[in-house]
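The values are calculated or read from the model by the stated rules, or taken from the named source; none is laboratory data. All values reported here derive from a predicted model rather than from experimental measurement. Cβ atoms come from the backbone with ideal geometry, glycine included; neighbour counts cover every protein chain shown. Accessible surface areas use protein heavy atoms only, side chains included; no ligands, DNA or RNA. Shrake-Rupley method; radii C 1.70, N 1.55, O 1.52, S 1.80 Å.
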Amino acid sequence: MEVTLTVNGSQHSLEVAENTLLVDLLREHLRLTGTHVGCDTSQCGACTVHLDGRSVKSCSVLAAQADGAEITTIEGIGSPDDLHPMQAAFRECHALQCGFCTPGMIMSAIDLVQSSDDLDRRAVREGLEGNLCRCTGYHNIVDAVLRAAPQMK
Amino acid sequence: MAEAIESGIGAPVRRKEDMRFITGEGRYTDDFSQRGQVYAAFLRSPYARARLDSVDASEALAMEGVLAVLTGQDMAADGFGDLPCGWTVKQKDGSDMVTAAHPPLAHSIVNYAGEPYGLVVASSVAVARRAAERVITEFTELDAVVNPALAMDSEDIHAGVVGNLCYDWELGDASATDAALAAAAHVTRLDLTNNRLIPNAMEPRAALGIYDPGTGEHTLYTTSQNPHLERLVLSAFVKVAPEHKLRVIAPDVGGGFGSKIFVYPEETAVIWAARKLRRPVKWTAERGESFLADAHGRDHVTHAQLGLDEQGRFVALKVQTTANLGAYLSLFGSSVPTYLYGTLLAGQYKTPNIHVEVHGVYTNTAPVDAYRGAGRPEATYVVERIVEIAARELGMDPVELRRRNMIQPADFPYQTPVALVYDTGDYEASLDKALQLIDYAGFPARRAAAAVAGKRRGIGLSCYIEACGLAPSKLAISLGAGVGLYESGEVRVNPTGSVTVFTGTHSHGQGHETTFAQVVAARLGVDIDDVELVHGDTGRVEFGLGTYGSRSLSVGGSAIVGALEKVIAKGRRIAAHMLETDVENIDFEEGQFRLRDSNRALSFGEVAFAAYVPADYPEDLEPGLSEKAFYDPENFTYPAGTHIAEVEVDVETGVVALVNLVAVDDFGILINPLIVHGQVHGGLAQGAGQALLEQAVYDEYGQLQTGSLMDYCIPRADDLPDFLVDTTVTPCTHNPLGAKGCGEAGAIGSPAAIMNALTDALGVNDISMPATSEKIWRALSG
Ligand code: FES
Ligand code: FES
């Protein structure tokens, strides 16, 4: 089947199998390998991207469901010369180690900040409970989200 | 110069590697693809123990897109060797441990659920997986041995391994320990289990095998913490390919925690299949496969006795442990419950008599090997739990009891009764700082306030020590290691004065690209951005033993220091020639080769350029400025510290909240405190996971009941508190950086602290890890 969608601002029309997952479309068809796959039970959040501005686990969305949608991946939010405030805060606060959870964590964190007011440490922890990180113990991730939040308003 | 100071030793430099990770440009094994690439799916045993009677692949082979079905039989026919264990443990009676053959792919018998016995290669992952389901395999199921405590009384799993006993190992003086226990004024006894864990690095294991028929070269991209060791084992033991025809590349790796040290069946099979089919073959584990077939960690059953005299001084510690090794010995599986465990049982204390006996047993479960801390968390758990309980039994303050027994700064070097010589430390300094950070004195008030709110609050300490910086080669080899444990480093100064550094260690989250660059930039006086670290590729780095045991900086960094000193020595000779003086008159500081007592100097860049454009150059010197060094440590390093936990239990529900977790660690000299604190945070999270959430559970048939992230609970952000971490410093005395290593401490100290806090809150001596709400609720209601 054909799927037409906008990814990081460019439009793509792709021929995919009906059961193709959005994450596979991104990784295998478009070679956007910044979005990762960490599990097979929709538990880890490594695959998180934005679909029409809200974070989704792209391993749990069919490519077909994304037909007509605007997708933003980690590759689409900033560049080394012009980092998104959340990317910059992750680096500043040492909120990543191996980097595997990081793209999904950043995409979730951006949505969290955009969709909530008055985040405190507890609220950030609860808001990110769908994203697993095995390296950082989350402490610095919480720091990073709270650092980026005011800069995103 | 400002930049040099900001990036110097001890500066919290923001990581160089982060830019690619935060922009989605990291490159992990599964991100690499080759033209013509095909995909593997493994055939895995559904049984914990069974005879493999026949494999019928005809239906699978008839499917469109299926290229091959390869089995363990095929691999054996191709002359492949077994996966070796890299450490031969000597038993109590002097004989070698009993090793069960571990074929990369099972060919006649399977010994754990999930064990691979073949693979399907197909044009897509989906086809490969579907075809794997269509392979018809006949098994004869056999009785599985699952419980390590019963393994020695169960049917033998492996022919020739009597009582499933791999080894009966001991360390220390048994009779002196028994005599001291018999004479002790008080003996505390404790039965403990150290729960079995599944590492769960967020990046699942993966491998991409490439064969070039023109040159006969094999290239293996894989998720490895030690690509050179991987190449050595695959070449020398498994006979996959000669070492010079095999290149192993471990690109960005998404966490390891030990689980990616080992050489696994899957990467072995992938490179073999690539050669057979003349196509690049890729495999990436599904998380479910990680649960079944990554090496697990811990899994001890222990009985311990601590004897004390009237003054509360420890007189003897006797420990008997059964360690589950799983179905086969993984690469370092044998050494973890012995040399990395028994040797640490002195902890921070002057216990004069210690004896430990370990039965390493085979069971029909996944192989067990090093997981963050590897043996040292298990040792700390025994020591720090029993010390705490002794204090309770004697009605003493647990802090005071520890103080009374601690090795003091004046006692170093300190020879323990279990083989190690601690070089330095100041244990009370860490203890004092930790007590202050958690406001120990204020705890009774917090406890009382909690009680008013219907909650039970508890506090617990753990004063741990670890042996890191693996390892002095001669000692390790004399104890059974099959390889040296030195490290290599190379500093290649480019003609323009920038520096490329090569290390045999591997970074999979630890930030070596930054920390090592800080070391190099500080010593050479160059900008940190002009230093690039190369690691993880046997085609680019000469040799190395990889990253584990918190060794990278203390061993690998020291090798780089050795190479730096050679570069500087050569630079001084070049500078002396150019400044028309003797080499003794040249000092190197802050990036300048200076003629002493003059204002004449050459910059590092000028000397580098002269080395490659030797117009005016010493006659007896080779051009170029590139040096290598190997560093073999004299001793282990001994990071140590105090972790203190405070918990609050809801009496109605049994829900436990970890409210405070403090860690004060002595890692020696810190290069980058930002990275060090991050390492501690991650370790604390894994320690908290062990204490409160995580456990691998097999049922009586050997089926893994915790085979997904829905059944095996790794900590999420809302399970953990903010951490309070700090350090004290006694520099390591025997390496040039004074560094001890920081990667594992968090996971080593924290479980005992948390469990001491929880049992304090509940008023019981033990509750088994993980202390789930259900267990706590039962303890409260019972
Ligand atoms: S890959 Fe784990 S939630 Fe999508
Ligand atoms: S940084 Fe490694 S999993 Fe989060």
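Some notes on this structure:
- Screening the candidates A:Gly45, A:Gly68, A:Gly53 for the property of being more than 7 Å from chain B (Cβ to nearest Cβ), of a type outside the set (A, V, I, L, M, F, W, C) and within 16 Å of ligand 2 (Cβ to nearest atom) yields one hit, A:Gly45.
- Residue in the stretch A:138-149 that is over 17 Å from the mean Cα position of the chain (by Cα), within 12 Å of ligand 2 (Cβ to nearest atom) and of a type in the set (Gly, Ala, Ser) present: no
The rows are residues; the columns are (1) more than 14 Å from chain A (Cβ to nearest Cβ); (2) within 16 Å of ligand 1 (Cβ to nearest atom); (3) open to solvent by less than 10 Å² (accessible area, probe 1.4 Å); (4) within 27 Å of the chain's Cα centre (by Cα).
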residue	(1), (2), (3), (4)
B:Gly24	no, yes, yes, yes
B:Asp30	no, yes, no, yes
B:Ser33	no, no, no, no
B:Leu52	yes, no, no, no
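- Top-ranked residue in the stretch B:432-444 [being in a helix (DSSP H, G or I) and either basic (Lys, Arg) or out of contact with any Asp or Glu (no Cβ under 9 Å at 6 or more places or on another chain) (or both); ranked as most open to solvent (accessible area, probe 1.4 Å)]: B:Gln436
- Checked against (1) in the same structural domain as B:Gly591 (by TED's automatic domain parsing); (2) in a strand (DSSP E or B); (3) farther than 28 Å from B:Ile22 by Cα, B:Tyr464 passes all but a single condition, namely (1).
- Residue in the stretch B:286-293 that is within 16 Å of ligand 2 (Cβ to nearest atom) and out of contact with any Gly (no Cβ under 6 Å at 6 or more places or on another chain) present: yes
- Residues (in contact with a Ser or Thr (Cβ under 9 Å, 6 or more places away or on another chain) and surrounded by 24 or more Cβ atoms within 10 Å (Cβ to Cβ)) located in the stretch B:337-347: B:Pro337, B:Tyr341, B:Gly342, B:Leu344, B:Leu345, B:Ala346, B:Gly347
- Screening the stretch A:6-28 for residues that are out of contact with any His (no Cβ under 6 Å at 6 or more places or on another chain) and away from chain B (no Cβ under 14 Å) and picking the one that is least open to solvent (accessible area, probe 1.4 Å) gives A:Leu22.
- Answer residue from the stretch B:248-257, given it is within 12 Å of chain A (Cβ to nearest Cβ) and surrounded by fewer than 24 Cβ atoms within 10 Å (Cβ to Cβ) and is nearest to ligand 2 (Cβ to nearest atom) among those: B:Asp252
- Among the residues making up the stretch B:150-164, those that are of a type in the set (Gly, Ala, Ser) and surrounded by 13 or more Cβ atoms within 10 Å (Cβ to Cβ) are B:Ala151, B:Ser154, B:Gly163.
- The sole residue among B:Ala11, B:Ala41, B:Ala48 that is part of a loop (DSSP other than H, G, I, E, B), open to solvent by less than 30 Å² (accessible area, probe 1.4 Å) and within 30 Å of B:Gly326 (Cα to Cα) is B:Ala48.
- Total residues in the stretch B:702-747, condition within 14 Å of chain A (Cβ to nearest Cβ), among the small types (Gly, Ala, Ser), buried (at least 17 other Cβ atoms within 10 Å of the Cβ) and away from ligand 2 (no atom under 16 Å from the Cβ): 2
- Elements of type helices (runs of 4 or more DSSP H) contained in the stretch A:81-153, each with 3 or more residues being closer than 16 Å to B:Asp722 by Cα and more than 16 Å from ligand 1 (Cβ to nearest atom): A:121-127, A:139-152
- Residues considered: A:Asp111, A:Asp117. Of these, the only one that is more than 9 Å from chain B (Cβ to nearest Cβ) and modelled with pLDDT under 95 is A:Asp117.
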